[in-house]
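Take a look at the structure below.
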Amino acid sequence: MNTIIKKADSDGVSEAVKLLQNGEIAAIPTETVYGLAANALDPVAIEKIFTAKGRPLDNPLIVHVSGIEMARKLGLEILPLAERLAERFWAGALTMIFRRTAEIIPPEVSRGLDTVAVRAPDNPAALEIIRLCGFPLAAPSANASGSPSPTSAQHVLADLNGKIPLIIDGGECRHGLESTVIAFGGGKIRILRPGAITPEMLSEYAEVIVDDVVFAKAAENPKSPGTAHKHYSPKAHVIAVFAESADNFTKYVDMNKQENDHIIAAPEAPTFFARLRELDALGAERIFIRLPEPEGIGLALYNRIIRAAEFNIIKP
Ligand code: TXA
Ligand code: MG
């Protein structure tokens, strides 16, 4: 298959709509990371996403809508708290998990779960594509499964060239980290994946619990096998360094750094995944990364770093 890249103008948008309406897949820009989209109501199109990415078949997809009105038509239980959050944070980097009340979204999307994850992306081309299609789009990040999420059209091409027909190039993603994923229970908000919508922002609406899975338990129990999937990983080995000060970090790295090792002393959300890909391209053997304070957007970065590092967490 030939993969073409088109700009996110009206021509590109109509090309994407045409493909999606014909049951094909296409990569589209969002404000978080690029997504690999298909008609969320079409099980055959959904399977094409899993094939192109090499995605594990038990990993459910996020359904992208143009707004709350579209979400209300999908046979989901949308509680008043969720309505308020949608009003405040949509279109935006907040994915909410809803219980099904009807089977409008096929089970292929949520891989048999009785819940469906939904968000409205804050990107003009993505919103226009959803509106013109008239149906919601299921879309995981448009990377090969396991590699860092793509924050530019070039990243998508590097991973999926020859496997998808079209990439809509909307430039670099504003946030550069995937959306915050939340679930509801007992009137509380549970964060399953931290992102640009922070616990601090959500706590204005309800009590917020940050799920253990966010910390992958690795910091407390670095030797325990199988408690976390390896994710967001560059080819290089990531070593997450739990340093109390910048000084501490530098001292540790200076003592341990070898040829072909690189450092990220002050990771930042918008460029983090791109930086991992750049260092891979330089042939990095190991990447030492200083863990940020797990607060605000720092929590999302912290989570991505420890997941990329797997159990390589060091306290100098
Ligand atoms: O920012 C984002 O969320 C990007 C853009 C493209 O929207 N998408 C994205 O998708 O990151 P993906 O597939 O890479 O991550 C989706 C996450 C996975 O961790 C998945 O397990 C979780 O959402 N998820 C999806 N449906 C779920 C459900 N019903 N219950 C629990 N978790 C769910
Ligand atoms: Mg992903």
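Residues of the stretch 163-199 being assigned by TED's automatic domain parsing to the domain that holds residue 129, within 16 Å of ligand 2 (Cβ to nearest atom) and either at pLDDT below 95 or surrounded by fewer than 20 Cβ atoms within 10 Å (Cβ to Cβ) (or both), which ones? Of everything in the stretch 163-199, just one residue is assigned by TED's automatic domain parsing to the domain that holds residue 129, within 16 Å of ligand 2 (Cβ to nearest atom) and either at pLDDT below 95 or surrounded by fewer than 20 Cβ atoms within 10 Å (Cβ to Cβ) (or both), namely 163. Is there a residue in the stretch 246-266 that is of a type in the set (D, E, K, R) and either buried (at least 19 other Cβ atoms within 10 Å of the Cβ) or within 24 Å of residue 194 (Cα to Cα) (or both)? So far as the stretch 246-266 goes, no, none of its residues is of a type in the set (D, E, K, R) and either buried (at least 19 other Cβ atoms within 10 Å of the Cβ) or within 24 Å of residue 194 (Cα to Cα) (or both).
Within the option set 7, 73, being among the charged types (D, E, K, R), more than 16 Å from ligand 2 (Cβ to nearest atom), over 30 Å from residue 187 (Cα atoms) and touching a residue at least 24 places away in the same chain (Cβ under 8 Å) holds for one residue only, 7. Of everything in the stretch 130-147 that is within 28 Å of residue 276 (Cβ to Cβ) and surrounded by 24 or more Cβ atoms within 10 Å (Cβ to Cβ), the residue that is nearest to ligand 2 (Cβ to nearest atom) is 141.
Report yes if residue 47 is out of contact with any strand residue (DSSP E or B) (no Cβ under 6 Å at 6 or more places or on another chain) and without any contact (Cβ under 8 Å) to a residue 40 or more places away in the chain, otherwise no. Judged against the criteria, residue 47 is not a match.
Looking at 158, 126, just one residue is in contact (Cβ under 8 Å) with a residue 24 or more places away in the chain and buried (at least 24 other Cβ atoms within 10 Å of the Cβ), and that residue is 126. Scanning the stretch 7-18 for residues being surrounded by fewer than 19 Cβ atoms within 10 Å (Cβ to Cβ), touching a strand residue (DSSP E or B) at 6+ places or on another chain (Cβ under 7 Å) and not acidic (Asp, Glu) gives a total of 1. The set of residues in the stretch 108-142 that are farther than 15 Å from residue 30 by Cβ and part of a loop (DSSP other than H, G, I, E, B) comprises 111, 112, 113, 114, 134, 135.
The values are calculated or read from the model by the stated rules, or taken from the named source; none is laboratory data. The structure presented is a predicted model; accordingly, all values stated were derived computationally and were not measured. So basically every Cβ, Gly included, is an ideal-geometry build from the backbone, and we count neighbours across all protein chains shown.
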